[in-house]
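Worksheet: the structure to be examined is printed underneath.
Nothing in this text is a laboratory measurement; each read-out follows from the coordinates by a stated rule. The model shown is predicted, which means the values in this text are computed figures rather than measured ones. Heads up, the Cβs are rebuilt from the backbone with ideal geometry, glycines too, and the neighbour counts pull from every protein chain shown.
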Amino acid sequence: EGIRFKLAPTDFGHLGIFPEQRPFWRWIQQKIQAAKTASSTPNILNLFAYSGGSTLAAALAGASVCHLDASKGMVAWARENAVLNALTSAPIRWIVEDVHKFLSREQKRGVTYDGIILDPPSFGRGTKGEVFKIEETITSLLQACKSLLSKRPLFVCFSCHTPGFTPLAMHHLMK
């Protein structure tokens, strides 16, 4: 999709990219390009944003993006990927924080997004020992995301690799 990445092995067996996300990048770009006008720039939120594939796709399509991940190292890696793609001056907010805390603050501020991307992990720990278990938090997470959508949202892109989260289960969660 014309996106460049720094690849390197991590302690947990990843390379810094999930290639199965590639079709989503094209889809995200198409949605943004179809909606972008001279007077309107789509505002996109990428949660659990990892090394930035979806962030970069959205920014390359002309969106303003908020990139959020709880890992300081992954956000730094995503910023390196932005440099590789000549996006250093693109309107990207780089946020290192717990997703629930961030979403709560955005709700209080009245911030809305035209698109939300989320690929949550099955399990994770925050910098202050917070525990994230998708089975326990997915409903409140999706409700918080819904409350941040603009009046005419472009999309919500939800993917995950959690056993038991079948396409049918995810469909029902989104409804």
(message) If the only charges are +1 at each Lys and Arg Cβ and -1 at each Asp and Glu Cβ, what is the size of the charge dipole of the chain around the Cα centre, to the nearest 20 debye?
(response) 520
(request) Determine the relative contact order of the range 59-175: mean sequence separation of Cα pairs under 8 Å and six or more apart, normalised by residue count, in whole percent. (result) 25
(request) Could you compute the FRET efficiency for Lys128 and Gln33, with r as their C-beta to C-beta distance and R0 at 35 Å, rounded to 0.05? (result) 0.35
(request) Consider a paramagnetic label point 7 Å from the Cα of Arg26 along Cα→Cβ; state which residues of the range 53-68 have an amide N under 19 Å from it. (result) 53-62
(request) Please name which of Ile28, Phe18, Phe5 has its Cα lying farthest along the dipole of the range 4-43 towards the positive end, using unit charges on Cβ (Lys, Arg +1; Asp, Glu -1) and the Cα centre as origin. (result) Ile28
(request) Give, as a single signed number, the net charge of other residues whose beta carbon lies under 12 Å from the beta carbon of Ala76, with Lys and Arg counted +1 and Asp and Glu -1. (result) +1
(request) Treat each spin label as a single point 7 Å out from the Cα along the C-beta direction, and report the His172 to Ser159 distance in nm. (result) 2.4
(request) Please go through the residue pairs Lys31/Lys128; Lys128/Lys175; Lys108/Lys175; Lys6/Lys108; Lys108/Lys133 and name each one whose alpha carbons sit more than 27 Å apart in this structure. (result) Lys31/Lys128; Lys128/Lys175; Lys6/Lys108
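Any chance you could run the full-extension gain for Glu1 through Glu80? It's 0.36 nm times the residue separation minus the Cα-Cα distance, nm to one decimal. Kindly include the intermediate steps, with their values, before the conclusion.
Details: separation 79, 0.36 × 79 = 28.44 nm, distance 1.78 nm.
Length gained between Glu1 and Glu80: 26.7 nm.
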(message) Could you tell me the calculated FRET efficiency between Ser64 and Thr10, based on Cβ-Cβ distance and R0 = 25 angstrom, to the nearest 0.05?
(response) 0.30
